[in-house]
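Before any comments, here is the structure.
All of the numbers you see were taken from the coordinates with simple rules; none came from a lab. Predicted, not measured: the structure shown is a model, and the values here were computed from it. Every residue, glycine among them, receives a Cβ derived from its backbone with ideal geometry; neighbour counts consider all protein chains shown.
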Amino acid sequence: MASPIRPPQFNPLRELAGLVRGAASLPALVLDAPRGTSTGSPVMVLPGYLAGDGSTLALRTYLARRGHLVIGWELGRNLGDVRALVGRVIERVQRHRATGGVPIHLVGWSLGGVIARETAREIPEAVAQVITIGSPVVGGPKYTVVARSSRRRGMDLDGIEREIAKREEVALRVPVTALYSKRDGVVAWRACIDPNPANRVEHIEVDATHIALPWDAAVLRHVASRIEALAAAFPRT
């Protein structure tokens, strides 16, 4: 049976225009952000495929302006080896848990959101919540713009999809917010919808292109509000 998920319609000019619009609104957004001292747990922001911490600078700056204790993932470019990267993120999360004593909020853009979910699946006691932004939680690369090139490199995309579905049989034990956009030209938006009803996932639609997501004002506000809603539950000592 054919998949109900359609491949994304990638348009580089539209993606670039979306990024320019998002970036143009940032100075006012950051300057107008309410300032304060966070009493909650730290926040780690994970970049997407082939991106590094520079791609999430706007999001991290905005959260820091609002008083949150924000860190990048500090692992260089995300080269897509999910299994290895999950292990390295787990090490970083556990190190911060050992020094801070409280769970960490994981925010992941695109593939970074997949890594954030898998980290939370492995060490739920160390994670307060997961927030994914345009993340392909169904099918991995199969329903993304890199599907064709991945097949040319010999990747078994159907096998990867089955492996992901198998892992999803183990429900996540932390709350998840999944932000997605129907204008996403890199990840099919339906692939961002969590299929497991056992997971505590709130899906929120936004209006931005994929590359613009971590720079979009509405996305930044949604992320901040979700962190602030849970921060009081984990007071710092």
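Principal axis extents of the Cα atoms in the stretch 82-181, from largest to smallest and rounded to whole angstrom, are 46, 27, 22.
Calculate, for ASP156 and ALA84, the FRET efficiency according to 1/(1 + (r/R0)^6) with r their C-beta to C-beta distance and R0 22 Å; round to the nearest 0.05.
On the way: r = 18 Å, r/R0 = 0.84.
Step by step, r from the Cβ atoms, then E = 0.75.
Stretching the chain fully between LEU50 and LEU16 yields a gain of 10.6 nm (0.36 nm per residue, less the alpha carbon separation).
Considering only the Cα atoms of the stretch 111-237, their convex hull presents on average a projected area of 8.2 nm². Over the chain, the fraction of Cα-Cα pairs per 10 Å bin, rounded to whole percents and listed from the shortest bin up, is 8, 34, 38, 17, 3, 0. Of the trypsin sites (Lys or Arg not before Pro) found in the stretch 106-169, those that fall in a DSSP loop while having at most 16 other beta-carbon atoms within 10 Å are ARG153. Does the stretch 48-94 classify as rounded, prolate or oblate by the C-alpha gyration tensor (a ≥ b ≥ c root eigenvalues; a/c under 1.5 gives rounded; else a/b over b/c gives prolate, otherwise oblate)? It is oblate, given that a/c is not under 1.5 and a/b is not larger than b/c.
With the cut-off at under 14 Å, measuring from each backbone N in the stretch 109-150 to a point 7 Å along the Cα-to-Cβ line of ALA165 picks out 138-140, 142-143. Full extension of the chain segment joining LEU230 with ALA198 gains 9.5 nm, where the gain is 0.36 nm per residue of separation less the Cα-Cα distance.
Sparse packing (at most 13 other Cβ atoms within 10 Å of the Cβ) combined with a DSSP loop state is found for the following GluC sites (Glu not before Pro) in the stretch 151-221: GLU169. 3J(HN,Hα) along the stretch 65-77: 4, 7, x, 7, 8, 9, 10, x, 7, 6, 10, x, 6 Hz, from the Karplus curve 6.51 cos²θ - 1.76 cosθ + 1.60 with θ = phi - 60°, whole Hz, x for Gly and Pro.
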